[in-house]
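Written below as structure tokens is the structure these notes are about.
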Amino acid sequence: MPPVSTLADHLLEGDRDAAAGLARRLLKPERNNLVERPWGGSRLCEFKSLTSAPCATGRAFGESFELSADDADDEARLHPSVLVLRDGSTITLPALLAVHGETVLGTEFVQRYGRRFPLLPKLLDVAELLSVQAHPPGNTEVYVIVDADPGATIRLGFSTGIDVATFAEKLAAGRRDQQRLLELLGPSSAVELQTRLKPWLARRKGEPTELEAVLRPRLEDATRWPEVEARLTALRGCFWAVLDALNVVQVKAGDVIYNANPPRVAAATGKPVSAEVHALGNPEGRGVLALEIRRPGTTFRAWDNVRFPLRDIDIGAALDALNLSATAPADFVVQPKAVRPGVRRSVDCEYFRLEHLEPAPRLAVDVPGSPPHCLHVLAGRVGVTRVDGEPLGTLERGESALVPAHVGAYRLSADGDPATLVKVDLPPYAD
């Protein structure tokens, strides 16, 4: 017998009726699109209520790609969102949109953005300090803090004006010190260096002699220990000098942080509003769980905070993309404003708009019909119905959905406890 065609097969072969049926429903990807990162932790599996693979492995996951449907972006292409169809077959969201973009997203949306969803929302489990990063002009980011350890912070924006040549040489010298340290101790020492240096660097004061007992035996020539001490001292100085050049931003659950040039900076430069320098997390290891909203695009790593094994950096490209003038923590903290009962709006910019939807047992939230957008559930569980009463399904904490163009207006009703969702729209906005 010939193999039975699945719904995924029909969609990939261009079945318009099947696509039209999907376009009237929430497109809810599998929630286990997790990615290991050296700075990741264990919160994502618990937050998403995942107990099977890959969470059963005990690996450290730093990111969950919530909606990934843009094959032009290297990261998104590696980690596409996957839809499970009603017959159990699966299809990636990029593959669906490549064939049925107009049906799912609408002709106007495709004419503006192409057959893709031009956002790359992620959940981040920041258990350690991330690298010092930048993005190309026109790429900003929002961090909605879902949970945070007491005293948790992130680094965001330069706290003082930066001389680009001096700062670039500081980073380059730090990189050379790392490379020389590996040469002295041997490439096989990278993992142990990371283990030993992370807590040592996190304390502002400390001497290389504290590490001598574990590192000196790795030297082929013990007389080279004074050079190891010199490199360690230089690296500690660079580690803290770079961190101290960035603002310390306190974060707690519920905060909204908009990583974008302050208006005075954008007005002075005349350039597209872009992300400021940032290094999420903190040297103390106080964890942060956040929903990150950004457009797909390149990340330039300027400095990796003395992480081993060495990862690629591009100091020149990162600094070229950055505002080098001083900012302050208050430049980035956003206070959402009420729009109507159960709806608050935080970021409303030329790239995307964030609304915080908060249905409660006695307060349903009605969402007007609008172009394709995404939903992310940060707390609780909701039922979703069309305005005519037709059920569209449920969404619960840790799940996300792409809402196609033809869903139209819908209602969110809390199932039990109050719920919290983030809705992200792209221009042109419906109102």
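The values are calculated or read from the model by the stated rules, or taken from the named source; none is laboratory data. Here the structure is a predicted model, which means the values were calculated and not measured. Backbone-built Cβ (ideal geometry, glycine too); neighbour counts: all protein chains shown. Just so you know, the surface numbers come from the protein's heavy atoms only, side chains and all, with ligands and any DNA or RNA stripped out. Shrake-Rupley method; radii C 1.70, N 1.55, O 1.52, S 1.80 Å.
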Problem set entry | Inter-label distance for A430 and A328, nm, one decimal - labels placed 7 Å from Cα along Cα-to-Cβ | 3.8 nm
Exercise. Lysines within cross-link reach of K271: Cα-Cα under 16 Å, excluding same-chain residues under 8 positions apart?
Worked result: none
Exercise. Once the Cα atoms of helix 164-185 and of the chain are each reduced to a long axis, what angle between those two axes, in degrees from 0 to 90 to the nearest 10, is obtained?
Worked result: 70 degrees
Problem set entry | Folded to 0 to 90 degrees: helix 225-244 orientation relative to the chain principal axis, Cα | 40 degrees
Exercise. How much solvent-accessible surface does D388 expose, in Å² to the nearest 10, with a 1.4 Å probe and all protein chains in place?
Worked result: 110 Å²
Exercise. Counting only protein chains, not ligands or nucleic acids, how are K252, K423, K337 ordered by accessible area (probe 1.4 Å), most first?
Worked result: K337, K252, K423
For this session: Using a 1.4 Å probe and ignoring any ligands, DNA or RNA, find the accessible area of V288 and quote it in Å² to the nearest 10.
Result: 10 Å²
Problem set entry | Rounded FRET efficiency, nearest 0.05, which uses the C-beta distance separating R203 from E390 and R0 of 51 Å | 0.30
Seminar exercise, completed: The correct pair for segment 10-66, radius of gyration to one decimal and Dmax as a whole number, both in Å and from Cα atoms, is 15.9, 45
For this session: Filter the cross-link list K198/K337; K48/K337; K170/K198; K252/K423; K122/K252 down to pairs whose alpha-carbon distance in this structure exceeds 30 Å.
Result: K198/K337
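What net charge do the residues around S188 carry, taking every other residue with its C-beta under 15 Å from that of S188, with Lys and Arg at +1 and Asp and Glu at -1?
Values: positive: R196, R218; negative: E183, E192, E220.
Taking every other residue near S188 into account, the sum is -1.
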Seminar exercise, completed: Highest mean packing first, using Cβ neighbours within 10 angstrom, the peptides 359-370, 159-170 sort as 359-370, 159-170
Seminar exercise, completed: Using a 1.4 Å probe on heavy atoms of the protein chains only, the accessible area for V214 in Å², nearest 10, reads 50 Å²
Seminar exercise, completed: Once I257, I315 are ranked on solvent-accessible area with the largest value leading and a 1.4 Å probe, the list reads I315, I257
Exercise. Against the longest alpha carbon principal axis of the chain, how many degrees, from 0 to 90 and to the nearest 10, is the axis of helix 93-105 turned?
Worked result: 40 degrees
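Which net charge results when you count Lys and Arg as +1 and Asp and Glu as -1 among the other residues whose beta-carbon is under 14 Å from that of T6?
On the way: positive: R86; negative: D9, E13, D15, D87.
Once all neighbours under 14 Å are counted, the net charge is -3.
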Problem set entry | Accessible area per residue, Å², the chain with all protein chains present, probe 1.4 Å | 43 Å²
Problem set entry | Under 13 Å from the Cα of K28 - aspartates and glutamates, other chains or at least 8 residues apart | E66, E396, E399
Problem set entry | Linear extension gain, C349 paired with A266, 0.36 nm per residue minus alpha-carbon span | 28.6 nm
Exercise. Quick one: if you stick a label point 7 Å off each Cα along the C-beta vector at D149 and S52, how many nm between them?
Worked result: 3.2 nm
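When the chain is fully extended, how far beyond the present Cα-Cα distance does T195 get from E212, taking 0.36 nm per residue of separation? Don't skip to the answer; put the middle values down first.
On the way: separation 17, 0.36 × 17 = 6.12 nm, distance 1.42 nm.
So the chain would gain 4.7 nm between T195 and E212.
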Exercise. Cα extents of segment 143-223 along the three principal axes, largest first, in whole Å?
Worked result: 48, 36, 23
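Ignoring ligands, DNA and RNA, what percent of the accessible area of the chain is carbon or sulfur (1.4 Å)?
Values: 9600 of 18500 Å².
Carbon plus sulfur share of accessible area: 52 percent.
Which order do you get for T195, T140 if you rank them by accessible area with a 1.4 Å probe, largest at the top?
Values: T195 85, T140 0 Å².
Sorted by accessible area, descending: T195, T140.
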Problem set entry | Zone residues, segment 365-381, relative to E108, backbone N less than 11 Å from point 7 Å out along Cα-to-Cβ | 370-372
Exercise. Taking the simple approach of a point 7 Å from Cα along Cα-to-Cβ for both Q179 and L85, what is their distance in nm?
Worked result: 5.1 nm
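Taking 0.36 nm per residue of sequence separation and subtracting the Cα-Cα distance, how much length would be gained by fully extending the chain between L310 and A98, in nm to one decimal? Could you put the intermediate results ahead of the total?
Working: separation 212, 0.36 × 212 = 76.32 nm, distance 3.69 nm.
That pair, L310 and A98, stretches by 72.6 nm at full extension.
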Exercise. What value, in deg cm²/dmol to 500, does the helix sum -39500 (n - 2.57) over DSSP H runs of n ≥ 4 give at 222 nm once divided by the residues of the chain?
Worked result: -8000 deg cm²/dmol
